[in-house]
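Visitor: Quick one: this structure, given as structure tokens, is what I'll be asking you about.
The values are calculated or read from the model by the stated rules, or taken from the named source; none is laboratory data. The model shown is predicted, which means the values in this text are computed figures rather than measured ones. Quick reminder, even Gly has a Cβ in these numbers, built from the backbone with ideal geometry, and neighbours come from all protein chains shown. What goes into the accessible areas is simple: the full protein's heavy atoms, side chains included, and nothing from ligands, DNA or RNA. Shrake-Rupley method; radii C 1.70, N 1.55, O 1.52, S 1.80 Å.
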Amino acid sequence: MSRRIWLSPSHLSGQEKKYIYDAFDANWIAPLGPNVGEFENSLQQYIAKEKYCTALNSGTSAIHLALILAGVSKGDTVLCQSFTFCASANPILYVGAKPVFVDSERDTWNMCPQLLEKAIQERLALGKKPKAMIAVNGYGMPYKVDEIQALSEKYEIPIIEDAAGALGSSVNKQKCGSFGDYGVISFNGNKIITTSSGGVLICKDKETQQKAIFLGTQAKDNEVHYQHSELGYNYRMTNIIAGIGRGQLAVLDERVHARRANFEFYKRELAHISEIQFLEEPVGFFSNRWLTCMLTPSFEMREQIRLALESENIESRPLWKPMHQQPLFSKYESYTNGVSEELFKRGLCLPSGSNLTNAELLRIVNCIKNTFE
Ligand SMILES: *Cc1c(COP(=O)(O)O)cnc(C)c1O
């Protein structure tokens, strides 16, 4: 059996160890230290110089803190893109709020602005103004930032931008993670760069960042002894982990380039199969192509291809099952149009690692071609 091809494995630069050794040499194993500050500074330089980055232990923690900072609490309503990974929505339940899910449009597969406005207007008519909205840059493709931003301003509802998988993506050269009132990026093991586990919360001003750090380090009051007036969390990134991040950030643009090249390869090699479709970038949009996603003609074909790949020891995965169809979330309200349900039925994520070899890419496309013959 040929070596297994994974969906999105980690890809080290070789520079990570240096920063980790620095931390060991300085005996800076205790949580915070120079790697954390340097990692945050570099992220800020890369994403948005005027914003404030706080390194955390996961993207999920960053979404949780963003909700708290946006003032979301028990009984509140939060609008959330339905076509996403559960970590976009779970923190809404952590704070005791209620998600209202919004389906996607076909140009980016992300939150549909028309449905979002309908959802907002109906909530307002019920006298329940949503406290926040979570828009996702799914699989690295930016959402319709102008339209969603306009609604956020019109109705004065803050945006939490889930850019977990979209580090390196942009719209008209502005980087993802910088569009929302709060931005979230993940460095989980399967993302475009990784710290094994980690995330960053991006805030608009220094006060908000200070509050995020306070909440993320157990909310200790300004006393010499341990005194706590607010509920805190242990969410900060450690100095060791941030060392991995520094080594990874050094090669981010190369990783984006490699993932985009994977996408182009699949598109080119499968172009003659008219039943297969890929998501194109709208004008001005730039996706890091974290995962290459392919639409097959039907659920049956999707499964046939997935199983054929699996039999050749190649990992692939159906696109996200929308949140409004998840057993955990199906009891909450949703505004649907059939788009995310269709994407889930027909869509498949293909191996997308930045370390895929040409021979591996050929193995994958040959297997797909064979299932259409
Ligand atoms: C990975 C991911 C997250 C969660 O990030 P973690 O760092 O794994 O907690 C959230 N949202 C989306 C869309 C993701 O892909």
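Visitor: Under 5 Å between amide hydrogens, which residues at least 5 positions from SER169 or on another chain qualify, with H placed 1.01 Å from N in the peptide plane?
Guide: CYS176, ASN288
Visitor: From the helices alone, meaning DSSP H stretches of at least four residues, give me the mean residue ellipticity at 222 nm for the chain, per-run term -39500 (n - 2.57), in deg cm²/dmol to the nearest 500. Before the final figure, lay out the partial values.
Guide: Numbers: 12 runs with 143 residues, N = 373.
Per the formula, -12000 deg cm²/dmol.
Visitor: As a test question: what accessible area, to the nearest 10 Å², does TRP28 have when a 1.4 Å probe is rolled over all protein chains in place?
Guide: 110
Visitor: Same structure, new question: Report the relative contact order of the chain, percent, no decimals, based on alpha-carbon pairs under 8 angstrom and at least 6 residues apart.
Guide: Across the chain, relative contact order equals 25 percent.
Visitor: Oh, and also: Determine the dipole magnitude for region 1-145: charges of +1 sit on the beta-carbon of Lys and Arg, -1 on that of Asp and Glu, nothing else is charged, the reference point is the Cα centre, and the result goes in debye to the nearest 20.
Guide: 420
Visitor: Between the alpha-carbon centers of region 66-120 and region 176-206, tell me the distance in whole angstrom.
Guide: 18
Visitor: Would you work out the charge dipole size for region 281-322 about its Cα centre, treating the Cβ of every Lys and Arg as +1 and the Cβ of every Asp and Glu as -1, and quote it to the nearest 20 debye?
Guide: Numbers: 5 positive and 6 negative charges, 36 e Å.
Computed about the Cα centre, the dipole is about 180 debye.
Visitor: Ok, one more. Dipole size in debye (nearest 20) for the chain around its Cα centre, Lys and Arg Cβ +1, Asp and Glu Cβ -1? Let's see the in-between values first.
Guide: Working: 40 positive and 41 negative charges, 61 e Å.
It comes to approximately 300 debye.
Visitor: Please report, as a whole percent, how much of the solvent-accessible surface of the chain comes from carbon and sulfur atoms (probe radius 1.4 Å). Let's see the in-between values first.
Guide: Values: 8170 of 15870 Å².
Within the chain, the accessible surface is 52 percent carbon and sulfur.
Visitor: HN-Hα J couplings of region 61-78 from phi, Karplus 6.51/-1.76/1.60, θ = phi - 60°, integer Hz, Gly and Pro as x?
Guide: Listing the rounded values in order: 4, 5, 5, 4, 5, 4, 4, 5, 5, 7, x, 6, 9, 3, x, 6, 10, 10 Hz.
Visitor: What is the distance in Å between the Cα centres of region 135-150 and region 257-335?
Guide: 18
Visitor: So what J values fall out for region 195-208 if you push phi through Karplus, 6.51 cos²θ - 1.76 cosθ + 1.60 with θ = phi - 60°, rounded to Hz, Gly and Pro as x?
Guide: Once θ is set to phi - 60°, the couplings for region 195-208 become 10, 6, 8, x, x, 9, 10, 10, 10, 7, 9, 5, 4, 5 Hz.
Visitor: Sorted by mean Cβ packing within 10 Å, highest first, what order do the peptides 149-157, 108-116 take?
Guide: With the highest mean Cβ count within 10 Å placed first, the list reads 108-116, 149-157.
Visitor: Going by amide H atoms built from the backbone, whose H comes under 5 Å of the H on VAL102, apart from near neighbours?
Guide: CYS80, GLN81, SER82, TYR335
Visitor: Which lysines have a Cα less than 20 Å from the Cα of LYS206, not counting those fewer than 8 places away in the same chain?
Guide: Qualifying lysines at Cα under 20 Å: LYS49, LYS51, LYS175, LYS220.
Visitor: Also: State in Å² the accessible area per residue of region 252-372; use a 1.4 Å probe, count heavy atoms of protein chains only, and round to the nearest integer. Intermediate results must be reported in sequence, preceding the final value.
Guide: Working: 5340 Å² over 121 residues.
Computed with neighbouring chains in place, this is 44 Å² per residue.
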